[in-house]
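Participant: First the structure, then my questions, so here it is.
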Amino acid sequence: KKPSILDNRSLKPHHHQFYLPSTRRITKAMSGPVKTDSDNSDSKNGKNPTSGGDVNAPSTTAAYYEKGSAELATESALTLAKIQHRLKLTKKNERLVLVLVGLPGRGKSFIARKLQNFLTWRGSDCKVFNVGKYRRHAAEGACDANFFDTKNSAASNLREKVASLALEDMLKWLDEPFENDANGNGAPSFRKDRVGIFDATNSTKARRDWVLRECTDVVKRAGKTTGVVFVESICDDEELLRENYRTKMSNSPDYKDVDPEKAMADLLDRVKKYEEAYETIDDDSKSYIKIFNLSSKILVNHIYGRMAKSIVPALMAWNIGTRPV
């Protein structure tokens, strides 16, 4: 009788074999002999041939994956050092300062207002201190691009003065006592986090170091621990920049009732003067957040705890366009 196709196929070695836990069978390609549990002397004696122990005990490999995180963590000297640095950055501060950084037209004031609304909604006291507002008040009106020229010593001195006034007002506000409770017994009903937003270009390392020193000086601010985080807005998308410039021209008091073409030329000149002295944040010993092109990318450094849980995701979610909800 001529073998059928099925018979011919059945004569070929079987290469697709499986490990069957129910029978404890160890198989291989049928081109060689098959060793079963009935032929295994260790199995007869109640031992696991792969581990040398009881057949019902898990193998060493299986135990490694199944034990999970039941073991206590061991801390090396390096781990302890890193933890101490992190604890230093994540102290429970009732006062927090967010220092905005960036060239004109990068959306700093937009970010400041969004942060203020968001943090207030979360239950924190939050207030924005815009240095531009202090500058316009001190200069008695709007300032053109020449006011921001680093070679203009008189204007530079005035800019330093108004920045100092704004920072002083912010620290005073952070240190104000909390409101008394409804019973009028003199004790605060609860304590809230206070967040001050220092809205300015803060475009040089020297300016940022000065802000950090004023906020954290151990003598001037004894007993008033204050955390500081820098938030830098970086934008290199030309289309987005042009849109930002148009928004700034239509909303900034510096360009009220100014011809759009003249306003754009003055703004571009102002940006150019800032670019000559601009220094991006590159000191990784500081806590900072870098926002690229209004949330298309975000870089964070030494941001833990409250900041990581709330502000960073919020910054990632915001956008400048309208969309259905």
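The values are calculated or read from the model by the stated rules, or taken from the named source; none is laboratory data. What you see is a predicted model, and the numbers here were worked out from it, not measured in a lab. Cβ coordinates were reconstructed from backbone atoms using ideal geometry, including for glycine residues, and neighbour counts include every protein chain displayed. With ligands, DNA and RNA removed, areas are computed over all heavy atoms of the protein, side chains included. Shrake-Rupley method; radii C 1.70, N 1.55, O 1.52, S 1.80 Å.
Participant: Give, as a single signed number, the net charge of other residues whose beta carbon lies under 14 Å from the beta carbon of ASP266, with Lys and Arg counted +1 and Asp and Glu -1.
Facilitator: Details: positive: ARG246, LYS248, LYS256, LYS262, ARG270, LYS272, LYS273; negative: ASP144, ASP149, ASP254, ASP257, ASP259, GLU261, ASP269.
The answer is 0.
Participant: Work out from phi, with θ = phi - 60° and the Karplus expression 6.51 cos²θ - 1.76 cosθ + 1.60, the ³J(HN,Hα) of each residue of the stretch 297-305, listed in order in whole Hz, and give x for Gly and Pro.
Facilitator: With coefficients 6.51, -1.76 and 1.60, one gets 8, 10, 10, 10, 9, 6, 10, 10, x Hz.
Participant: Which whole-Hz ³J(HN,Hα) couplings does the stretch 249-261 yield from phi under the Karplus relation 6.51 cos²θ - 1.76 cosθ + 1.60, θ = phi - 60°, glycine and proline marked x?
Facilitator: 5, 7, 10, 6, x, 5, 10, 5, 6, 9, 3, x, 5
Participant: Counting only residues 5 or more places away or on other chains, whose amide H sits under 5 Å from the amide H of GLU232 once H atoms are built in the peptide plane?
Facilitator: Those lying under 5 Å, H to H, from GLU232 are VAL101, ILE289, LYS290, ILE291.
Participant: Further question on the same structure: Need the full-extension length gain, GLU168 to ARG246, defined as separation in residues times 0.36 nm minus the C-alpha distance. One decimal, nm. Present the calculation step by step, with values, prior to reporting the outcome.
Facilitator: Values: separation 78, 0.36 × 78 = 28.08 nm, distance 3.20 nm.
Taking 0.36 nm per residue and subtracting the Cα distance, the gain is 24.9 nm.
Participant: Provide the solvent-accessible area of THR79, counting protein heavy atoms only and rolling a 1.4 Å probe, rounded to the nearest 10 Å².
Facilitator: 60 Å²
Participant: Rank these by accessible area, largest first, 1.4 Å probe: ASP254, ASP259, ASP125. Display every interim value, and only then the final one.
Facilitator: Details: ASP254 15, ASP259 75, ASP125 40 Å².
Correct descending sequence by accessible area is ASP259, ASP125, ASP254.
Participant: Something else now. Give me a comma-separated list of calculated 3J(HN,Hα) values for the stretch 111-122, in order, Karplus coefficients 6.51, -1.76, 1.60 applied at θ = phi - 60°, integers in Hz, x for any Gly or Pro.
Facilitator: Each residue of the stretch 111-122 in turn: 4, 4, 5, 5, 5, 4, 4, 5, 5, 5, 4, 6 Hz.
Participant: Given the Cα-Cα distance of LYS161 and LYS272 and 0.36 nm per residue of separation, how much length would full extension add, in nm? Could the numbers behind the result be given before it?
Facilitator: Working: separation 111, 0.36 × 111 = 39.96 nm, distance 2.26 nm.
Additional length available on full extension: 37.7 nm.
Participant: What whole-number value in Å² describes the accessible area per residue of the stretch 192-325 for a 1.4 Å probe? Can you show the working numbers first?
Facilitator: Details: 7290 Å² over 134 residues.
With all protein chains present, the stretch 192-325 gives 54 Å² per residue.
Participant: Relative to the compact globular guide of 2.2 N^0.38 Å, what is the alpha carbon radius of gyration of the stretch 111-152, as a ratio? Can you show the working numbers first?
Facilitator: On the way: Rg = 15.0 Å, N = 42, 2.2 N^0.38 = 9.1 Å.
Expressed relative to 2.2 N^0.38 Å, the Cα Rg reads 1.65.
Participant: Tally Lys and Arg at +1 and Asp and Glu at -1 over the other residues with C-beta under 11 Å from the C-beta of LEU294: what net charge comes out?
Facilitator: Values: positive: ARG106, LYS108, LYS114, LYS297; negative: ASP237, GLU243.
Summing Lys/Arg as +1 and Asp/Glu as -1 gives +2.
Participant: Using a 1.4 angstrom probe with every protein chain in place, what is the largest-first accessible-area order of LYS161, LYS309? Working shown, then result.
Facilitator: Numbers: LYS161 125, LYS309 170 Å².
Correct descending sequence by accessible area is LYS309, LYS161.
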